[in-house]
Structures are given as C-alpha cells and as structure tokens.
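Below you'll find the structure, written out as structure tokens, and then a few comments.
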Amino acid sequence: MSEGTVYVYGVVDAADAGAAPVRVVVEGGLAALVADVQAGSVQAAKAVREHWRVLDAAVENATVLPLRFGTVMADDEAVREELLRANAEHLAGLLEELRGRVQVTVKGTYVDDGLMRGIVAGSPAVKALRERLKGLPEDAGYFERVRLGELVAAEVDRHREADTAQALTALEPHAVASRTETASAPDAAFNIAFLVARADLGAFEEAVGALAGTLSGRIAVRGVGPLAPYSFADAELAAGAV
Amino acid sequence: MAAVAHSPRGYLDRPRPSGLADVLEIILDKGIVIDAYVRVSLVGIELLTIDARIVIASVDTYLRFAEAVNRLDLTEADDSEGLPELMESMTSGGAKSKTQGALEGVKEKLFGDDDGDDDNGKQRQRRSSSRGSSSRGSSSKASSSRSSSRSSSSSRSRAKPRSSGNSK
C-alpha cells in the first residue's frame, strides 16, 4: 500500500469544479471530489463525518454523484484514468439524469405504544406467548422471547407496508422517483428516499407537511434534505479498459 | 436523536454530522461503486460497514420487539412505557442488557475515537443518566454490566450463533 492514497467523495460536472468544497481531479468534462488520506490512518467516525460534510456542501451548488462511502484509490492518476476516463460516458449519463435533482429522505416513526397494543390485541399467538413469558426470568425465556419478537416483527411489517404505501401515495406526485429503504429502528414506520427536482422542493415540503398532519398522533413524519442523491446513484462501474 | 436545524418552512431538516445514526442510515451501502480492482481498502472503514450492518439486521431487533410488548401493561390505561421509552434507553447508552450490545459497539466506535467535538462529553452524560432508569426486567443486572458498552463485541458474538440455530 502506498503512502498517499486518495479518498473519492463523488463526481461533479467539470463546470462545477470551481465551487467544490475539496480538492478536485479533473478529466474531460468530469471532476472528482477528493482528499488525500494516509493509508492505514483512517478513523471510521471521522471518515463518515467527512464523507457527509463534503457531499452536503457540494450539493448546495452542484449536481453530485456520490461514491460509496469508503472509496479510496491509489493516487490522482488512478482517479483520472480508472474512474473518470474509463467511465466517462457512464458518469456523464448519470450526471445528466440527476441534473437539478436532489434527494429528500422522509422518515416516519410510530409515536406511542398504540402500535404494540394493537398487535397484542390483534394476534392471539402474540398474546399467548406474551402471557407465558410473564414471570419467567430473563435468561430462561430467551428463545421464547426471540420467538415472540419474531411474531411481533412480522405484525409490525404488515403495518409498515400499509403506512409506507400511504406515504408514497401522498408524496410521489411531487417527486421524480422513490426508493423504499430499510426501516432499521424498531419504531420506524417508513423510510423512503425521494428524488425531487430542486424547483419542486417547495411543493414537496408542503406535501410532507400535509402528510405529517394526516398521520399526526400516530406517526411522526420527518423529512431530511436536500441531500446528494445517495439512493439514486447506485451504478456499479467496472474497471474499464483504458 | 439527530440535532437538526429547521428550514424556514419547518418540514425538512438538515441533519448535522452529529446525528450519526441518521447519517449512517442514509449513506451506508449507497452511492456509486467502483471495481475492487482499482480500489484501495482501508481497515477502519470496512469494519465500520460490517458493524453497522449487524445493527441493522439481527436477532437484536426481535429481542427489542419482545421487550416492547412485554413491557406493555395492558391493565393500566395510563401506562407510559413502550417503544418510545425503549428507543430512549437504546440510544441512551444504557448499561442495561445484552440486546443493546451491538448498537453500543458501533456508537462507541463512532463517538469514541473522534477528537473533534463534544461527543465524548455527551456520551458520558448519556451513560450516567441511564443508570437511573433501569427497567424492572434487568435492574438486578444493571450494576454488574455497567460497562457493557465496552464488552459489546463479546455480546455480539454471543448473539450470533443463537440467532442462526434457534429461531424455531
């Protein structure tokens, strides 16, 4: 491993390179946002923050193609040849597709235990297993608890599906595309990434507000953005023959 | 959990990098992938990615759900315990139970080795405040596992074989 490796945050149009928040490597019509990193010296937390900060700053002024977190190349030459030149057409095409568009992630969170109460009331299996677990010491009931959790998780999934569908119906008319993401928190109702034209951000935000009003008391709705289009830049680039 | 700045209208937030759970959920496994052949791999980053995946999909999730329904006291209308509180305890760095091991492991990693801002102070606060809020199920264990976030790697490795062999 050489000493001066290069972290690559994303790719922008070369015309936007002037406003870049970090050093750029330019090749043809494309510019890569990069930073020098010492091989082996990376701290994960810092790397995550930097990745976020740089792309967050870049999306203010430009259309950005985010690269996957943790993309490091040997040196500037590798960025120029293996990334930008070898994939010039592909990258330019993706930039064109995403031009003037940003991501807004909309998350819903169940606000109280109404969901859990409904599940216990609605599922005899959950109710029975829950009764049986009462009074068992924590370790003795381990497998039953996992089983109970599984049953509840399946019920939660059914609710999530319905609530995700409702959110999509409300917000999709104001977006170019959407991706339903994994809802990783136990109380998450939905987690959806929307690709929104900058010009439509106002209308989209109003729609988020309307949805929040509709679901109020049951699900708390939060929109995060505008973001670089993380969920919509999912191409895999081959190591091109130059 | 994320500290957020409100936009003028108020419906869209911009998460700051201190909201790492938010940030991770948005950026991990996303974005353009370049061929491994031209990539240099860095150890810290690979580990973080693996850890975060463990948090997102694991037997932990089931145990948390079980805890959530078990805590419901259906006879009392004013019972306030439930998922919100569960989330609170999950994210508060509580030394409470093994279900928190993996999550804490990642948080520790994320907040622990940063020298920049006030995360260390915040974490200390979270940890001490969690001592007072032990739940009935595991209060007897609270003192013995006070340093559980440090031992998260061991609880993680314990949880794995169980999940694969015994989901019935």
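The values are calculated or read from the model by the stated rules, or taken from the named source; none is laboratory data. What you see is a predicted model, and the numbers here were worked out from it, not measured in a lab. Neighbour counts are summed over all protein chains in view; Cβ atoms, including those assigned to glycine, are modelled from backbone coordinates with ideal geometry. Note: areas computed on protein heavy atoms with side chains; ligands, DNA, RNA excluded. Shrake-Rupley method; radii C 1.70, N 1.55, O 1.52, S 1.80 Å.
Couple of notes before you dig in:
- Virtual paramagnetic centre 7 Å along Cα→Cβ of A:Ala199, amide N under 19 Å, in region A:63-93: A:63-64
- Accessible surface of region A:1-120, 1.4 Å probe, proportion on carbon and sulfur as whole %: 46
- Net length gained if the chain between A:Ala154 and A:Ser216 were fully extended (0.36 nm per residue, minus Cα distance): 19.9 nm
- Carbon/sulfur fraction of accessible area - region A:164-241, other protein chains in place, 1.4 Å, %: 52
- Sequence ranges A:81-88, B:23-30, A:154-161, ranked by mean other-Cβ count within 10 angstrom, highest first: B:23-30, A:81-88, A:154-161
- Residues along region A:200-237 losing 50 Å² or more of accessible surface when the other protein chains are present rather than the chain by itself (probe 1.4 Å): A:Glu205, A:Arg222, A:Tyr230, A:Leu237
- Take the accessible area of A alone and of B alone, subtract that of the pair with a 1.4 Å probe, and the total buried over both chains is about 7400 Å².
- Pairwise FRET efficiency - A:Glu60 versus B:Ala36, Cβ, R0 = 35 Å, nearest 0.05: 0.65
- Label sites at A:Asp234 and A:Asp75, each approximated as a point 7 angstrom past Cα along Cα to Cβ, lie 3.7 nm apart.
- Cα gyration tensor category, rounded, prolate or oblate, for region A:113-242 with a/c compared to 1.5: oblate
- Of the DSSP H helices in chain A, those whose Cα atoms cover at least 20 Å axially and whose Kyte score averages 0.0 or more: A:201-215
- In the full protein context, region A:60-166 carries 43 Å² of accessible surface per residue, based on a 1.4 Å probe and ignoring ligands, DNA and RNA.
- The mean number of Cβ atoms from other chains found within 10 Å of a Cβ in peptide A:105-112 is 3, as a whole number.
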